[in-house]
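S.K.: So that we are looking at the same thing, I have put the structure below in structure tokens.
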Amino acid sequence: MALRVRLTPRAILDLTEIRAYLVARSPTGADRVRREINRTIRTLSEYPGIGHESHIGGVRVITTRRYPYLVYHRFSRQNLTILHIRHGSRAPPTSKDL
């Protein structure tokens, strides 16, 4: 059974900013990236252990398959919390970024 997904306000802002950046360059590309991020989150909700530990204690990370976006998250028995979504070329986040 899939975990219940919750996006933090930070993660929601990340998705908004990613879309705004990409849509100015390629609306179709922006849609593709968003679908891939959503697919990654759905997969995490079904298989939460597939990510790996990040450099921040208690936070896990997984890269989307087709695009270099990192999804930082935590999970418990019933919930998957998406903390932050970030392009892989950016410097790693600090705990304050989450």
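S.K.: Considering only the other residues whose Cβ falls under 11 Å of the Cβ of I56, what net charge follows from Lys and Arg at +1 and Asp and Glu at -1?
M.R.: +1
S.K.: Can you tell me the 0 to 90 degree angle between the C-alpha axis of helix 27-46 and the longest principal axis of the chain, rounded to 10?
M.R.: 10
S.K.: Search the structure for amide H atoms under 5 Å from the amide H of V5, placed 1.01 Å from N in the peptide plane, and list their residues when 5 or more places away or on another chain.
M.R.: Those lying under 5 Å, H to H, from V5 are L80.
S.K.: Further question: Run through the DSSP bridge list for region 4-97 and note the antiparallel percent, rounded to the nearest 5.
M.R.: About 75 percent, rounded to the nearest 5.
S.K.: Next up: Helix-only mean residue ellipticity at 222 nm, the chain, DSSP H runs n ≥ 4 weighted -39,500 (n - 2.57), per residue, nearest 500. What is it?
M.R.: Helices in the chain give a 222 nm mean residue ellipticity of -12000 deg cm²/dmol.
S.K.: I would also like to ask the following. At 37 °C and 0.692 mPa s, what whole-number value in µm²/s does Stokes-Einstein give for the translational diffusion of region 4-97, with Rh from the Kirkwood sum over Cα pairs?
M.R.: Translational D for this selection: 245 µm²/s.
S.K.: Take each of the peptides 86-92, 54-60, average the number of other beta-carbon atoms within 10 Å over its residues, and list them starting from the highest.
M.R.: 54-60, 86-92
Every number here is computed from the coordinates shown, using simple stated rules; none is lab data. Quick caveat: nothing in here was measured; it's all calculated off a predicted structure. Positions of Cβ are generated from backbone atoms using ideal geometry, with glycine treated the same way; all protein chains shown enter the neighbour counts.
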